[in-house]
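Shown next, in structure tokens, is the structure this report addresses.
The values are calculated or read from the model by the stated rules, or taken from the named source; none is laboratory data. This structure is a prediction, so every number in the text was calculated from the model and none was measured. Reconstructed Cβ throughout: ideal geometry from the backbone, glycine too, with neighbour counts over all protein chains shown. SASA here: full protein model, heavy atoms, side chains in, ligands and nucleic acids out. Shrake-Rupley method; radii C 1.70, N 1.55, O 1.52, S 1.80 Å.
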Amino acid sequence: MNNNINILCIIPARSGSKGIPNKNIIDFKGKPIIAWSILQAQKCKYKMRIIVSTDSSEYAEIANQYGAETPFLRPDEISGDFSTDYECIKHCIDWLYSNENYNPDIILHLRPTQPCRKVKDINKCLELFIQHREKYDSLRTVIPIDKSPYKMYLIDDNQLSPLFINYKNINEPYNQCRQILPKCYLHNGYIDILNSNIVSKGTISGNSIYPYVMDKKDNIDIDYIDDILNID
């Protein structure tokens, strides 16, 4: 099924959540939230190695109970509030290469805050990316947004500064009717896939990103306790 492509699934799960304490292991429909992403990866039609990158031995034990590997604990210096996905992914693949001489072709990045993620979407995203990975650096799921960023501003020294001064042949897009502005999409963090070789270039998206457009209703991201309460 993989056409000899080595897939590594990385599930990041640091312990220092502020919106919901211990968010990644809070109970969601009878299981710790982190368990849902592990189970989704296990149910994929593509074979893959599943690793949870965490700074917590408690989280690691829970991840192991559901069948994921935790060969290391992520260092504290890349597990803080301002730590990035890039730091997490780079640390994981560097550790695996240094300690196991293991080097994946593709990385599937699943955030545990999407417990309602559909396995069929993971399968479809992997299928599309495997077909087109020679042309694209990565794949990201996106949803359409209603409010155009071409009408947005920054405030700098008590002065409004438009985010965009022009777009192609459109001057002052912030003063134009929305109908002539380009349709825009938001990265929703549902599924990310990337060729692992781009990480050495300091990026996890690269210059060429394949879009997987989703319906807004399928986007369920848990950051606050109300997000859980509002899920049917």
Inset, instruction - Keeping to the stretch 4-24, report how many residues are open to solvent by 30 Å² or more (accessible area, probe 1.4 Å), of a type outside the set (Lys, Arg) and either assigned to a strand (DSSP E or B) or at pLDDT below 95 (or both). - result: 5
Inset, instruction - Might you let me know whether the stretch 167-181 holds any residue that is within 29 Å of Lys23 (Cβ to Cβ), in contact with a strand residue (DSSP E or B) (Cβ under 7 Å, 6 or more places away or on another chain) and in contact (Cβ under 8 Å) with a residue 12 or more places away in the chain? - result: no
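Could you please find all residues in the stretch 26-52 being open to solvent by 30 Å² or more (accessible area, probe 1.4 Å), out of contact with any strand residue (DSSP E or B) (no Cβ under 6 Å at 6 or more places or on another chain) and in a strand (DSSP E or B)? Quick ask: steps written out before the conclusion?
Residues of the stretch 26-52 that are open to solvent by 30 Å² or more (accessible area, probe 1.4 Å), as a first pass: 26-27, 29-31, 36, 39, 42-43, 45, 47-49.
With out of contact with any strand residue (DSSP E or B) (no Cβ under 6 Å at 6 or more places or on another chain) added as a condition, the list becomes 26-27, 29-31, 36, 39, 42-43, 45, 47.
Once the filter is applied, which keeps residues that are open to solvent by 30 Å² or more (accessible area, probe 1.4 Å), out of contact with any strand residue (DSSP E or B) (no Cβ under 6 Å at 6 or more places or on another chain) and in a strand (DSSP E or B), the stretch 26-52 yields Asp27, Lys31.
Criterion first (farther than 26 Å from Leu139 by Cα, open to solvent by 60 Å² or more (accessible area, probe 1.4 Å) and of a type in the set (D, E, K, R)) does Asp55 satisfy it?
Values: farther than 26 Å from Leu139 by Cα: yes; open to solvent by 60 Å² or more (accessible area, probe 1.4 Å): no; of a type in the set (D, E, K, R): yes.
Against the criterion (farther than 26 Å from Leu139 by Cα, open to solvent by 60 Å² or more (accessible area, probe 1.4 Å) and of a type in the set (D, E, K, R)), Asp55 does not qualify.
So which residues in the stretch 156-195 are under 27 Å from the mean Cα position of the chain (by Cα) and among the acidic types (Asp, Glu)? Spell out the reasoning first.
Quick first cut of the stretch 156-195, residues under 27 Å from the mean Cα position of the chain (by Cα) only: 163-164, 182-195.
Selection gives Asp192 alone.
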Legend entry - Which listed residue, of Ser161, Ser98, is open to solvent by less than 80 Å² (accessible area, probe 1.4 Å), free of Cβ contacts under 8 Å to residues at least 12 places away in the same chain and either hydrophobic (A, V, I, L, M, F, W, C) or farther than 27 Å from Trp36 by Cα (or both): Ser161
